[in-house]
Ligand code: PXG
């Protein structure tokens, strides 16, 4: 049977998504059949997905999604950690429309520039901490981290220190899925499928207290010990060969792992001591997630480079960027050609959408609200609800991001032997209860749109509780 689109007749959906007013063209079954026939999903086992069939998402507004069966789902993940201003903001659509009519595309390669990229750069310089006044653009977080590598190498070349090539990263960090992003990340299951990796990248252990602290170490002692692995690695390789350290201020895809308070100050001390660039991957943490504009501000350290994407445009259109600290920017600016760029670097439509998005975050005081109001409410509510839950061992997070650690014995930090399966069971209960909550192994993750109200937070937490209770019940734990 062929699934060529023109051969499929229009069928009125059996249950139109009335609340969402969707212009749905096909039935769920047709969508699934075509999807299975022609679409390879990212990070998926397509054989089993095609048998089960994907959920078809047709519409979104605020913090809610609707599927092709008319179910209303609350999005506890802001898409993939990106829809910071929530769905359905006209201002962003209008910015894209206006820009497409005015100047849909032009490049910035050969002595040209254009208003949207100029406005965006000036606005980012205003919103970012003082030393960040220059920005390089790309299309995604992965390309942002590829760009970071290019800038790091160019920086050391300008300093006459070409031997400084090695970049140190962390196991269970996530920095994207291009070859460079995937190599920088510390995901074993990705590395296994990557016979070609980028050279000169090495990994140290992550600051994951619940999962990896041995003996009686306090979180603070453990944070220091994990940071000092950086020093040990630098000494092993030779500081004269080490270019940079990169980390997410808190690990997102790795499980919303918040490092102990001692970790980042020690990392910064070590980077300064050995003259190594410090890179904060702000792809998830940036643009208000922690209640600060950038997550490194929450952890109080000062990186040399920041990688941006996701919340930069609230996911309405792809865009990534790298912010350069003045000392790095100066070296790049004053030393001739930097031979790096993408057709869509600073794309005018993406830049116009980013400007509209950042103005909403700023002018509607969305980031401040996360810091003083909805963030503290969300964190308190999670702790009240799950502090003594029989299968929750730890609650990590600040602002509107949280990781709930599933555990067999919360008090002794004993994890489930089959933690990944338990996470999947829990995620499926969420899914069936019309809550999007992501599972990473045995951690359940939440990162809702930053415009979420307290009432919607209550809805997420009560649905999460139902799903986690159901998981405990299925495991025979109460
Ligand atoms: N850095 C970080 C910290 C990220 O979280 C990237 C870089 C790469 O960005 P792009 O735009 O190239 O995807 C990311 C992306 C998940 C999930 O399942 C997380 C991401 C992407 C896809 C899935 O949690 N983060």
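All of the numbers you see were taken from the coordinates with simple rules; none came from a lab. Computed from a prediction, not measured in an experiment: that's the story for all the values here. Ideal geometry is used to build each Cβ from the backbone, glycine not excepted, and the neighbour counts take in all protein chains shown.
The protection proxy used here, the mean number of other Cβ atoms lying within 10 Å of each residue, ranks peptides 443-449, 118-124 as follows, highest first: 443-449, 118-124.
Multiplying each eigenvalue of the alpha-carbon gyration tensor of the range 90-363 by 5 and taking the square root yields semi-axes of 32, 21, 17 Å, largest first, rounded to whole angstroms.
Remark on the range 253-344: hydrodynamic radius 14.8 angstrom, per the Kirkwood mean of 1/r across alpha carbon pairs.
Any chance you could run the full-extension gain for residue 434 through residue 90? It's 0.36 nm times the residue separation minus the Cα-Cα distance, nm to one decimal.
Result for the pair: 121.3 nm of gain on full extension.
Each Cα pair under 8 Å and six or more residues apart adds its sequence gap; the mean of these over the residue count of the chain is a relative contact order of 19 percent. In the chain, the DSSP-assigned H stretches of four residues or longer account for a calculated mean residue ellipticity at 222 nm of -12000 deg cm²/dmol, using -39500 (n - 2.57) per stretch and the full residue count as denominator.
Peptides 217-225, 97-105, 419-427, 433-441 ranked from most to least packed give 433-441, 419-427, 217-225, 97-105, packing being the mean of other C-beta atoms within 10 angstrom over each peptide's residues. The translational diffusion coefficient of the range 233-293, from Stokes-Einstein at 25 °C and 0.890 mPa s with a Kirkwood hydrodynamic radius over alpha carbon pairs, comes to 191 µm²/s. Here each label is just a point 7 Å from Cα along the line to Cβ, and for residue 171 and residue 418 those points are 2.5 nm apart. Measuring r between the beta carbons of residue 274 and residue 388 and using R0 = 30 Å, the FRET efficiency lands at 0.10.
Given the C-alpha centroids of the range 92-152 and the range 232-269, what is the distance between them in whole angstrom? One Cα centre to the other: 28 Å.
The Cα center of the range 421-452 and the Cα center of the range 284-305 differ in position by 24 Å.
For an R0 of 35 angstrom, estimate the FRET efficiency from the Cβ-Cβ distance between residue 359 and residue 235 and round to the nearest 0.05. Given R0 = 35 Å and the Cβ-Cβ separation, E is 0.15. For the listed peptides 172-178, 59-65, a ranking on the average number of other beta carbons within 10 Å per residue, highest first, reads 172-178, 59-65. Each principal axis of the Cα cloud of the range 321-457 was taken in turn, and the coordinate range along them, longest first, works out to 60, 35, 30 Å.
Remark: relative contact order (the range 54-157) = 12 percent; criterion is Cα-Cα distance under 8 angstrom and separation of 6 or more residues.
Inter-label distance, residue 98 to residue 25: 3.0 nm, where each label sits 7 Å from its Cα along the C-beta direction. Kirkwood radius for the range 188-251, taken over all pairs of different Cα atoms as the inverse mean of 1/r, rounds to 13.8 Å. Restricted to Cα atoms, the chain shows a radius of gyration and a Dmax of 22.8, 68 angstrom.
For a label point 7 Å from the Cα of residue 43 along Cα→C-beta, name the residues of the range 315-334 whose backbone N is under 17 Å from it. Hits in the range 315-334 for residue 43 at 17 Å: 315. Each label was represented as a point 7 Å from its Cα along the Cα-to-Cβ direction; for residue 327 and residue 192 these points are 4.1 nm apart.
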